[in-house]
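The values are calculated or read from the model by the stated rules, or taken from the named source; none is laboratory data. Quick caveat, the model's predicted, so the values are computed rather than measured. Glycine gets a Cβ as well: all are built from the backbone with ideal geometry, and neighbour counts include every protein chain shown.
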Amino acid sequence: MEYQIILSPNLDLRPADFVAAWNEEAAAENLPQTRLVPSSSKHYFDQALVDAIVFSVTTGVASSVVYDLIKRVVVKKKGGHTHTHIEESNKADGTRLLVVDIDDEDTSD
């Protein structure tokens with residue numbers, strides 16, 4: 001199964017930095033490595049180009065493991081705890097599209 005990760009501009013996190021951190025974490029857990037590809041999912045953001053982070057998962061790797069690793073990488077790269085939000089959708093070809101964003105931590109008015 002193939003996953004594509006799209007990082008929201010709100011994260012202020014470069015896809016290349018995410019990929020490097022992911023690959024470091026994934027290697028320690030024998031999880032798949034990621035790579036950057038041009039994304040056709042531009043409709044999520046008002047940007048000329050959004051890079052997608054792509055990886056394939058063999059059967060037996062639970063979605064929760066993927067989500068946990070995404071959250072760990074975001075926390076590591078952002079330098080502390082964040083409220084990471086991941087929205088998943090399925091493309092017609094079976095690819096899972098994961099849009100990663102952070103929620104505002106301060107919900108008080």
- Task: Out of the residues in the stretch 8-35 that are part of a helix (DSSP H, G or I) and aliphatic (A, V, I, L, M), state the one that is modelled with the lowest pLDDT.
- Result: Ala28
- Regarding Asp46, is this residue modelled with pLDDT of 80 or more, closer than 17 Å to Ile6 by Cβ and assigned to a loop (DSSP other than H, G, I, E, B)? no
- Which one is nearest to Leu11 (Cα to Cα), of the residues in the stretch 60-74 that are exposed (fewer than 10 other Cβ atoms within 10 Å of the Cβ) and either at pLDDT below 80 or in contact with a helix residue (DSSP H, G or I) (Cβ under 6 Å, 6 or more places away or on another chain) (or both)? Ala62
- Within the stretch 13-25, residues being buried (at least 17 other Cβ atoms within 10 Å of the Cβ) and either among the small types (Gly, Ala, Ser) or touching a residue at least 40 places away in the same chain (Cβ under 8 Å) (or both) number 4
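Here is a yes/no grid of residues against (1) modelled with pLDDT of 90 or more; (2) in a strand (DSSP E or B); (3) out of contact with any Cys (no Cβ under 6 Å at 6 or more places or on another chain); (4) over 18 Å from Pro9 (Cα atoms):
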position	(1), (2), (3), (4)
Thr58	no, no, yes, yes
Lys76	no, no, yes, no
Gly94	no, no, yes, yes
Val99	no, yes, yes, no
- Note on the structure: Only one of (1) over 13 Å from Leu11 (Cβ atoms); (2) in contact with a Lys or Arg (Cβ under 7 Å, 6 or more places away or on another chain); (3) at pLDDT below 70 does not apply to Ser41, and that is (2)
